[in-house]
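One structure is given below, encoded as structure tokens.
The values are calculated or read from the model by the stated rules, or taken from the named source; none is laboratory data. Since we're looking at a predicted model, the values are computed, not measured. Here Cβ is always computed from backbone atoms with ideal geometry, including for glycine, and neighbour counts include all displayed protein chains. Protein only, heavy atoms only, side chains kept; ligands, DNA and RNA dropped before computing areas. Shrake-Rupley method; radii C 1.70, N 1.55, O 1.52, S 1.80 Å.
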2 protein chains.
Amino acid sequence: MIRVNTAPPPREQLALRRRDDSDLAGRLRRSVRGYGTRPDLAEFSAWFRERARASPFRVDRIAFEELTDWSFDPVTGNLGHRTGRFFSVEGLHVEPDGAADRSWHQPIIHQPEVGILGILAKEFDGVLHFLMQAKPEPGNPGLFQLSPTVQATRSNYSRVHRGFGVRYLEYFVHPGRGRVLVDVLQSEHGSWFYRKNNRNIVVEVFDDVPPHDDFVWLTLGQIGALLRRPNLVNMDSRSVLACLQFGDEGFEALHSDTELLSWFTAERARREVRAERVPLAALPGWERGARSIDHVDRRYFRVVAVSVQAGSREIARWTQPLIEPVGTGVTAFLARRIRGVLHLLAHARAEAGFRHTVELGPTVQCTPASYAHLPADRHPPFLDLVLSADPARIRYDAVHSEEGGRFLDAESRYLVVETAEDDLPTSLPEGYCWLTPAQLTSLARHGLYVNVQARTLLACLGTGAAEVGRT
Amino acid sequence: MIRVNTAPPPREQLALRRRDDSDLAGRLRRSVRGYGTRPDLAEFSAWFRERARASPFRVDRIAFEELTDWSFDPVTGNLGHRTGRFFSVEGLHVEPDGAADRSWHQPIIHQPEVGILGILAKEFDGVLHFLMQAKPEPGNPGLFQLSPTVQATRSNYSRVHRGFGVRYLEYFVHPGRGRVLVDVLQSEHGSWFYRKNNRNIVVEVFDDVPPHDDFVWLTLGQIGALLRRPNLVNMDSRSVLACLQFGDEGFEALHSDTELLSWFTAERARREVRAERVPLAALPGWERGARSIDHVDRRYFRVVAVSVQAGSREIARWTQPLIEPVGTGVTAFLARRIRGVLHLLAHARAEAGFRHTVELGPTVQCTPASYAHLPADRHPPFLDLVLSADPARIRYDAVHSEEGGRFLDAESRYLVVETAEDDLPTSLPEGYCWLTPAQLTSLARHGLYVNVQARTLLACLGTGAAEVGRT
């Protein structure tokens with residue numbers, strides 16, 4: 001369920017319950033350890049290959065004029081769907097911290113609807129399993145990835161009423177069918193989306209769930225193992241899993257929670273990013289060609305168009321625009337132990353599309369190619385330290401791509417690097433703070449604190465994909 | 001301090017601390033009980049009258065053309081300061097939940113800067129006291145009210161560098177001078193402000209604080225007693241005090257915290273308020289006269305202008321616009337006990353100026369005069385129940401005004417009404433939920449959950465001004 005029934009039950013039944021989910025952390029830990037109670041990874045791989053074979057899916061790049069149902073508005077130049085739904089590509093003018101001389105323009109995806117990213121959970125043999133789906137998206141490298149049980153925009157799921165069902169959606173939009181484990185509105189990429197929010201939900205069910213060939217129940221330990229493979233567990237899955245309240249361990253940290261929130265509040269208060277939507281037409285610094293909209297220096301990203309032929313999707317053929325980043329990203333947390341307790345180095349990042357100025361990102365989050373023309377002292381802090389890390393200190397290293405429904409081959413190398421103390425500078429640059437995974441997790445229960453890239457790494461830590469337990 | 005020093009101390013000193021402030025709730029409770037360790041209320045009243053006498057302050061309504069430094073932009077008609085600082089009055093076009101037929105236009109205050117609302121705390125004789133200031137504002141009924149230690153916009157406090165000091169500001173902008181008890185960005189009135197955020201901070205200090213005639217140290221119990229008087233404790237003080245993490249009591253509630261957050265997430269996700277800033281010139285439904293901008297039906301509020309002569313303020317004379325509401329508001333929480341535990345009926349309110357669609361407000365928050373022309377079945381839910389409540393069930397009833405630096409005589413009657421179970425409808429309307437004061441308090445630690453009106457009532461509950469303890 002996603003709507004708690006706020007009507008009190010008949011008076012004789014009114015009862016109190018504990019405010020906290022006291023047993024959840026232990027059950028999640030069991031699921032992380034509960035590797036292999038279901039199909040082993042070889043079986044999983046066979047199933048996954050079979051799903052891809054059973055559902056032909058083909059993507060071709062096309063020219064903008066080949067787009068059906070999508071067009072550039074004759075006045076604004078914005079690229080939108082004829083129904084006004086789904087999303088549109090518009091322009092954004094960004095002025096960071098009142099510095100007009102550092103302002104820029106860029107295309108941005110505007111998608112005001114709140115979508116649902118929902119995962120069903122269920123105990124088998126006393127261990128929580130999560131219902132994952134083999135699903136193709138046009139922008140995914142390899143097309144098929146493992147996505148949440150439900151991944152639907154409102155434009156998607158409002159079609160339910162016209163007879164196109166989104167499988168298992170009813171568990172997330174009708175109350176009383178299970179127990180909510182987490183439910184939070186999270187941001188997505190602030191560099192590419194204008195104030196996008198999706199609902200990240202996990203619902204535990206107790207009755208039988210009708211099976212379907214494209215879906216599989218996996219433990220958190222199994223998902224953790226799959227997170228070590230490249231481009232398999234999709235962004236939406238990573239985002240939702242990161243919101244689970246893993247572990248109540250960690251009552252101690254370098255900074256108390258109040259100090260941490262105070263630091264974050266100060267970071268939010270000192271930044272003043274003005275971002276205004278502007279027409280995409282004649283956007284300064286960007287050029288619209290027949291097949292792409294590019295930055296004049298060919299940096300950052302492109303807007304392109306594709307056509308899709310799908311065997312198993314709700315609609316068999318469609319065309320759509322996608323954002324295609326230029327270059328592979330690097331997304332990394334530096335980690336260190338302080339008196340034995342693992343800490344991560346978070347960065348309070350201002351991204352132009354954020355609804356509230358600043359969120360916590362990983363230590364490093366950038367596309368190195370965008371900095372290749374600059375001297376080393378203008379590289380992002382800690383980038384060179386991460387890229388030159390002793391392999392023995394790398395606790396996690398895998399390439400993942402971002403949402404394939406909006407982004408084409410948007411790959412980033414995700415890392416967790418446990419530093420030796422001697423590698424660290426003695427003082428931190430402004431905007432960086434050490435916190436524990438437990439502190440980051442407790443913030444991820446609320447929206448607009450932990451950005452989508454940090455959530456990917458948090459999912460890797462929570463599911464055991466990142467082996468920071470080894471010392 | 002408001003900036004935690006994120007640089008780790010030299011390695012030999014790196015230490016862990018508890019994440020929670022385990023002793024704070026008990027110390028706050030002692031301060032609520034610690035009534036009268038400082039001046040008694042008669043002494044306070046004498047001091048307060050003397051402060052008002054010592055600082056002449058005069059406010060006159062003027063025509064817009066008498067404004068100095070403020071003018072209507074010749075193109076947009078927006079009313080702004082010649083420096084571009086402070087705030088501006090602009091237009092807003094609001095379309096709630098995609099319903100174009102229910103859209104409206106209104107003037108709105110645009111103030112992108114984040115201000116500081118800071119209170120200093122210090123123990124005397126083992127009891128926490130809070131440093132409050134007798135301060136006049138042009139829009140206050142009675143002019144002088146009790147405000148936080150520091151109440152400063154960035155435009156205000158950046159003048160520090162030009163020699164105009166804001167007293168005690170250094171405790172809030174320089175790290176290391178104390179211990180932060182709470183520090184959070186909160187919204188203000190979403191009907192009158194466009195995405196306004198202020199930093200609400202309480203800092204405990206351990207060294208001597210230089211005294212000043214306009215300031216007084218009070219316990220929470222004393223502030224609670226003063227909150228029973230009309231128009232004395234100003235909105236900024238109420239807002240900051242509400243963020244204190246009173247009481248860790250209340251581990252049980254009708255809904256678990258996860259259920260509560262899920263309900264709130266659903267409320268936020270189902271609402272889709274589009275609010276776009278538009279020119280104030282020729283705003284549909286509003287008329288600009290020589291002395292006011294009014295709604296054509298004379299409802300809601302007016303924009304007016306005043307001149308101010310101050311004896312004790314940083315600048316001795318100035319003029320400025322103010323928002324003047326039409327009619328007195330009613331702001332009330334319905335309360336009830338469930339198995340002995342007090343619950344409040346919160347309303348997930350969409351206000352046009354909110355940064356994130358919906359926040360939790362009181363059960364009732366409206367200006368009854370705006371509904372006088374409508375039949376009873378179109379009055380806001382629970383309004384008639386509150387206004388007709390048996391006086392024996394009214395736990396709190398006082399008139400307070402909103403921020404006098406922006407609003408003129410913006411009075412509302414604040415109530416807490418403990419209902420008999422028989423008075424309650426058997427089911428709740430959509431958007432309402434019972435929660436405990438402890439749950440509301442834990443949400444107020446984070447921004448964008450608890451609106452400014454609910455924070456006033458939360459301050460009344462936390463300081464004991466509302467006597468819900470009586471059964």
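Sorting the segments A:452-462, A:43-53, B:380-390 by their residues' average number of neighbouring beta-carbon atoms within 10 angstrom, most packed first, yields A:452-462, B:380-390, A:43-53. Sorting B:108, A:394 on solvent-accessible area from highest to lowest, probe radius 1.4 Å, gives A:394, B:108. Global size of chain B: 22.2, 72 Å for Rg and Dmax (C-alpha atoms, Rg to one decimal, Dmax whole).
Positive-end ranking of B:206, B:220, B:242 along the dipole of the range B:195-264, with charges on Cβ about the Cα centre, is headed by B:242. In this label model, residue B:54 and residue B:104 are separated by 4.5 nm, measuring between points 7 Å along each Cα→Cβ vector. For the segment B:431-437, counting C-beta atoms of other chains within 10 Å of every residue's C-beta and taking the mean gives 2. For peptide B:265-277, the mean count of partner chain Cβ atoms within 10 Å of a residue's Cβ comes to 5. The three principal axes of the Cα atoms in the range A:169-213 give end-to-end lengths of 41, 25, 15 Å, sorted in falling order. Taking the Kirkwood radius as Rh and the Cα radius of gyration as Rg, the range A:272-333 has a ratio of Rg/Rh equal to 1.09. What the Kirkwood sum gives for the range A:363-463 is a hydrodynamic radius of 15.5 Å, with every pair of different alpha carbons counted. Dipole magnitude for the range A:226-352: computed about the Cα centre from +1 point charges on Lys and Arg Cβ and -1 point charges on Asp and Glu Cβ, it is near 480 debye.
In terms of the mean number of neighbouring beta-carbon atoms within 10 Å, the peptides A:431-439, A:279-287 order highest first as A:431-439, A:279-287. The alpha carbon centroids of the range A:314-369 and the range A:34-88 are separated by 22 Å. Show me you know the interface measure: the accessible area buried between A and B, both chains summed, probe 1.4 Å, in Å² to the nearest 100. The buried area between A and B, both sides summed, comes to about 6900 Å².
For residue A:174 and residue A:42, the FRET efficiency from 1/(1 + (r/R0)^6), where r spans their Cβ atoms and R0 equals 30 Å, is about 0.20. In this Cβ point-charge picture (+1 for Lys and Arg, -1 for Asp and Glu), chain A has a dipole of about 940 debye about its Cα centre.
Taking every residue in B:16-26 and counting other chain Cβ atoms within 10 Å of its Cβ, the average works out to 5. Distances, shortest first, from the label point of residue B:176 to those at the same position in the other copies read 6.0 nm; the point lies 7 Å along Cα to C-beta. Using a 1.4 Å probe on the protein heavy atoms, what percent of the accessible area of chain B belongs to carbon and sulfur? Whole-percent figure for carbon plus sulfur exposure: 48. In the protein assembly as shown, the ratio of gyration radius to Kirkwood radius, Rg to Rh, stands at 0.96 when only Cα atoms are counted.
Packing, taken as the mean count of other beta carbons within 10 Å per residue, orders the peptides A:350-363, B:210-223 from highest to lowest as A:350-363, B:210-223. Quick one: Debye curve from the C-alpha atoms of the range B:242-295, no solvent, what's log10 I(q)/I(0) at q = 0.15, 0.22, 0.31 Å⁻¹? Relative scattering, expressed as log10 I(q)/I(0), comes to -0.72, -0.96, -1.15. Shortest first, residue B:377 label-point distances to identical copies amount to 7.5 nm, with the label point at 7 Å from Cα along Cα→Cβ.
Counting lysine pairs in the protein assembly as shown that sit 8 or more residues apart in sequence, or on different chains, and whose Cα atoms lie under 23 Å apart gives 5. How many percent of the alpha carbon pairs in the range A:198-352 exceed a separation of 18 Å? The proportion of pairs with Cα distances above 18 Å equals 80 percent. Shortest first, residue A:430 label-point distances to identical copies amount to 4.6 nm, with the label point at 7 Å from Cα along Cα→Cβ. Simple point charges give the picture: +1 on the Cβ of Lys and Arg, -1 on the Cβ of Asp and Glu, and for the range A:202-295 a dipole about the Cα centre of about 780 debye. If you model the range B:288-375 as an ellipsoid using its alpha carbon gyration tensor, with each semi-axis the square root of five times an eigenvalue, the axes come out at 34, 21, 13 Å, biggest first.
Accessible area per residue (1.4 Å probe, heavy atoms of protein chains only) ranks A:467, A:113 as A:467, A:113, with the largest value leading. Taking amide H as placed 1.01 Å from N in the peptide plane, residue B:410 has its amide H under 5 Å from the amide H of B:402, each at least 5 places away in sequence or on another chain. Per q in 0.12, 0.19 1/Å, what log10 I(q)/I(0) does a Debye calculation on the alpha-carbon atoms of the range B:53-144 return? Values returned for q = 0.12, 0.19 Å⁻¹ are -0.70, -1.11.
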